[in-house]
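Encoded as structure tokens, the structure appears first; notes follow it.
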Amino acid sequence: MIMETLDMRGQPCPMPTVKAKEMLARQDIQGVIVVVDNFVAVQNLEKMAKGTGCSFSYAEEGASLYKVSIAKDTAAGQAFNHTQLASAESAFAAGSGGKGAVVLVTADSMGRGAEDLGKLLIKGFIFSLSQLNPPPEAVIFLNSGARLTTEGANTVPDLKALEEKGTGVYTCGTCANYYKLTESLAVGSIVDMMNIVTRLAKASSVITI
């Protein structure tokens, strides 16, 4: 049995699950071992494994170190059902009719509390948006959130992936000027407040963080 290993320590949710799912979708792979550093990731991987007809086990090998084994259940005649899982995820994401929401990001971190945790959460949030089907109609960045669209930000690759799927990525011009970020924009375009308000007013739904 060919078992590939993914070291996902330090990677925010849902990256371990998404990367494991991508690996299992390969025809030449029978299973994957995922190394993670938190038990929430273990639980998420277990849900994915059970939802795709795979066997699941894990071992705790030290403080904040887990090795998760996921294998296609070929003995029972079951293959990894990537299409079925994707369809279920699409139906859940479509929710209220299938039209993507407009997402308003108002800071470069998420939630209140530890700043480093907030920055980890916002990275995971943007990555998760890139996995939605349908994707958001637009993602708009205000205030310190403008930093997430500039050169060097770890959110830029996921935002570019969203653009490729048709999502508009917009940064508030006033905010970019205030933080002196205009020249370092790496993804999307800069817009004024009128454009932002117009898009929000026409949106079928708005998610604000």
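Data overview
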item: Single residue of LEU200, LEU159 found to be under 20 Å from VAL18 (Cβ atoms) and among the aliphatic types (A, V, I, L, M); result: LEU159
item: Any chance ASP158 is more than 14 Å from LEU104 (Cβ to Cβ), in the same structural domain as LEU129 (by TED's automatic domain parsing) and surrounded by 15 or more Cβ atoms within 10 Å (Cβ to Cβ); result: yes
item: Yes/no for VAL18 being under 20 Å from LEU120 (Cα atoms), in a helix (DSSP H, G or I), modelled with pLDDT under 85 and not assigned by TED's automatic domain parsing to the domain that holds PRO134; result: no
item: Residue under evaluation GLN43, criteria (1) assigned to a helix (DSSP H, G or I); (2) modelled with pLDDT of 90 or more, criterion not met; result: (2)
item: Qualifying residues in the range 120-141 (those that are assigned to a helix (DSSP H, G or I) and crowded, with 19+ Cβ neighbours inside 10 Å) - the one farthest from the chain's Cα centre (by Cα); result: ILE122
item: Cross-chain or 6+ apart pairs with Cβ under 6 Å, the range 123-144 first and farther than 23 Å from LEU181 by Cα, then of a type in the set (S, T, N, Q) and crowded, with 21+ Cβ neighbours inside 10 Å; result: PRO135/THR167; PRO136/THR167
item: Residue list for the range 174-209, restricted to those being in a helix (DSSP H, G or I), touching a residue at least 40 places away in the same chain (Cβ under 8 Å) and in contact with a Leu (Cβ under 9 Å, 6 or more places away or on another chain); result: ILE196, LEU200
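The values are calculated or read from the model by the stated rules, or taken from the named source; none is laboratory data. Computed from a prediction, not measured in an experiment: that's the story for all the values here. FYI the Cβ positions are ideal-geometry reconstructions off the backbone, even for glycines, and counts take in every protein chain you see.
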